[in-house]
Structures are given as structure tokens and as C-alpha cells.
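The values are calculated or read from the model by the stated rules, or taken from the named source; none is laboratory data. Please read these numbers as outputs of a predicted model, since none were measured by experiment. Reconstructed Cβ throughout: ideal geometry from the backbone, glycine too, with neighbour counts over all protein chains shown.
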């Protein structure tokens, strides 16, 4: 079973550089919590401080009535046995095979026999889906397998608290989804308290019971997942929607002039900016549609969904309607008329602006904002 971790007024700095100050939160026993934050906000430093590798300037970390920063070296060593840690790259020993990497903590910290070690290692490898890879070296397996080997090693001492330092780092979206499901399954099976540090929004949206956000040297929010997904806090809204508009900049924060300029630009955009995409809002479990009516579109976005998902259940093409609506509403231009038959279905003369494959004119002020409005490959092209 897991244990509750209570953090009070935790502050850490390196020299004159304050990393974060007066952080306070409670990690509930047996639950999955995620700590989000832009790069460079001290998320990994927070993990190292929790496990006692770094000493805070001030504050308390309470675990089972013990305040970690004030423990003796001997007591701290014993308390660390409550923890398991999955590092970003797995942190495997390159000269050891997978089996020996996973067995290492047992050989170092227990008096277990080799027969008992073999049983435990086999059990943990089965839990993470690595049976059959015992003899392989870390350089001979994929990044995802190295992560799972690191996770198996974190589990061999049956820890009650497991810390994950960006477990999705370096993984493609499919492997990330598999790893997230594995983490959920392991939490259910072990009952341990999980804390995951990441900046991946999809992981935060699907995985945890609780979410927190570190920004500007403080913990902006921490609480149940639904609370953050529906938050009106500007930094939270910006981070969850993965957009440039908001207080988070390329560096730790933006100055006042940048924020004022963005607010003015947002007003000039007639309110079309959406801080949090609807598909990230909490729901009753029903899947959200990929595309949304014109009023819910983001002017700033990533990759477009496949063309088939433009069509709703009534046969309407939201991408086309939105594009035409904005042109007509903005007084720039409307379509060239209804779609007609043509020997070349991609002919720009037979379709309205915004149809799939239509290239806007060179003087179009919105040109380049919609990367999926381009000609599909001709025969033989990729």
C-alpha cells in the first residue's frame, strides 16, 4: 500500500537562483499525481528533493510522521527504501544485461538468495512485459523497453512511493499510450503512491487523479484533475492548450509589454482564441468529436485531423464551412459558388475557397494558417 506525502513551505535555491518557493501539497495515499510545468521550472529538482537527494533551504516533507529534511543519514537511508524511481532514460547500466540491471537493487540492499532474486526479477519483468529480454544489453533494446526495464527495477523492492521523471520522454505517442496504461495497471496492482513529472498534456489529461502546475518559482495549483482542466488560471489554460498566448514564454516568464501586446492581438481577433480546446475539458466519459463548429476553432493549432473527420453526422464539412464563414464574415471574400462536376475534381474553379485541395490566393491574409488546405498527392506522389 502507498503512503501519504505532505509537503509544507518547501523552498529550494542554488546560490542566488530560487528554483521554487513555499511549495505546499499533499500526495494522497495510493493515488496517481502528475506535476506539470514548462521546461526549467524545477520539476526534476522537486523529485530529487522529495527522495532526499537534495536538501531544501527550508520547509517540511512529512512521510509517516517523519520529516525527511531533518532526518539523520541513517534514518534517511532507511526512509529512502520506501521509494522507487524511474529516471528519464531508464538509467540502466550499459555493461549489464536487463536481468542484472533489474536485480541490482536486490543484490545491493537485501540478503536474498539468487533463487529468490530470480523469482522476484521474473515477476517484475512479467508485470512490465519484458519476459524473454533477460540476456539483452540496454543498447540492444528500444527506448520504450529501457523505460520498462527501469520501471521493473524501481519495483523490485516493493516501494510504497514511486517517482517518475518524465516517463514519456523520447517515446512516440503510441508507446506513450501503452506506458501510461501500464502505469495505471501497476498503480492498481501495487496500491503505491505515484508522482509523475511531465510536460506532456495528453499524459496529464488521461493518467492522474491529481494534477499540479509549477510556474514562476511556485506551485500555481494542485488538486483533482477536473479542477485544473476547468481552471481559469492563465498559466494553466495556456499550458493545457499548448499555445503561445499567455504568461508562459520561451524563457521562464514573459514581461508586461509582451502580455499587453498579446491581449491587444487577442482583442483584434474578435475573440476567436480558445484557451483550452473543448476536447481537453472534463466530460462524463463520452468521447469528444475531433472537430468542432466554427465558434470553437483555434486560430493557432498543430496538425490537422484526417480529412474524414471534417465531416459530422449530418454530412457537413466543418473545415470548409468555417473557412468560408470567416472569409464572408471578415469581408475579404466568399466562395466562388457551389461545387460542380469537373473532369479534374481538384479544379480550383469548381470549388469554394476552403474545400480540401484548394490553395488560397497569394494575397490571402489567412494564407498559411491552415496547413491541411493543400493539394493531395497526384498519382504516384508521396
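One residue is enough: does the range 33-46 have a residue meeting the conditions free of Cβ contacts under 8 Å to residues at least 60 places away in the same chain and surrounded by 15 or more Cβ atoms within 10 Å (Cβ to Cβ)?
Yes, because at least one residue in the range 33-46 is free of Cβ contacts under 8 Å to residues at least 60 places away in the same chain and surrounded by 15 or more Cβ atoms within 10 Å (Cβ to Cβ).
From 91, 103, which residue is on the phi > 0 side of the Ramachandran plot and surrounded by 14 or more Cβ atoms within 10 Å (Cβ to Cβ)?
91
Take the range 31-45 and flag every residue that is in contact with a strand residue (DSSP E or B) (Cβ under 9 Å, 6 or more places away or on another chain), farther than 19 Å from residue 192 by Cα and not in a strand (DSSP E or B).
Listed by number, the residues that qualify are 37, 38, 41, 42, 43, 44, 45.
Evaluate the following for residue 235: is it assigned by TED's automatic domain parsing to the domain that holds residue 29, in contact with a strand residue (DSSP E or B) (Cβ under 6 Å, 6 or more places away or on another chain) and assigned to a helix (DSSP H, G or I)?
So residue 235 does not fit the description; no.
Could you pull out the residue among 146, 119 that is under 24 Å from residue 185 (Cα atoms) and surrounded by 16 or more Cβ atoms within 10 Å (Cβ to Cβ)?
Result of the check over 146, 119: 146.
For the range 117-151, which residues satisfy the criterion of being under 22 Å from the mean Cα position of the chain (by Cα) and in a helix (DSSP H, G or I)?
If the condition is that a residue be under 22 Å from the mean Cα position of the chain (by Cα) and in a helix (DSSP H, G or I), then 143, 144, 145, 146, 147, 148, 149, 150, 151 are the ones that fit.
Restricting attention to the range 220-229, report how many residues are modelled with pLDDT under 90 and crowded, with 17+ Cβ neighbours inside 10 Å.
5
Does at least one position in the range 251-258 carry a residue that is modelled with pLDDT of 80 or more and exposed (fewer than 15 other Cβ atoms within 10 Å of the Cβ)?
No, every residue in the range 251-258 fails to be modelled with pLDDT of 80 or more and exposed (fewer than 15 other Cβ atoms within 10 Å of the Cβ).
Mind checking whether some residue in the range 55-76 is more than 18 Å from residue 219 (Cα to Cα), touching a strand residue (DSSP E or B) at 6+ places or on another chain (Cβ under 9 Å), buried (at least 19 other Cβ atoms within 10 Å of the Cβ) and assigned by TED's automatic domain parsing to the domain that holds residue 143?
yes
Residues that are surrounded by 14 or more Cβ atoms within 10 Å (Cβ to Cβ) and either outside the structural domain of residue 31 (by TED's automatic domain parsing) or on the phi > 0 side of the Ramachandran plot (or both): does the range 162-177 have at least one?
Checked against the condition, which is being surrounded by 14 or more Cβ atoms within 10 Å (Cβ to Cβ) and either outside the structural domain of residue 31 (by TED's automatic domain parsing) or on the phi > 0 side of the Ramachandran plot (or both), the range 162-177 yields at least one hit.
Which number in (1) modelled with pLDDT of 75 or more; (2) out of contact with any helix residue (DSSP H, G or I) (no Cβ under 7 Å at 6 or more places or on another chain); (3) in a helix (DSSP H, G or I) marks the one condition that residue 261 misses?
(1)
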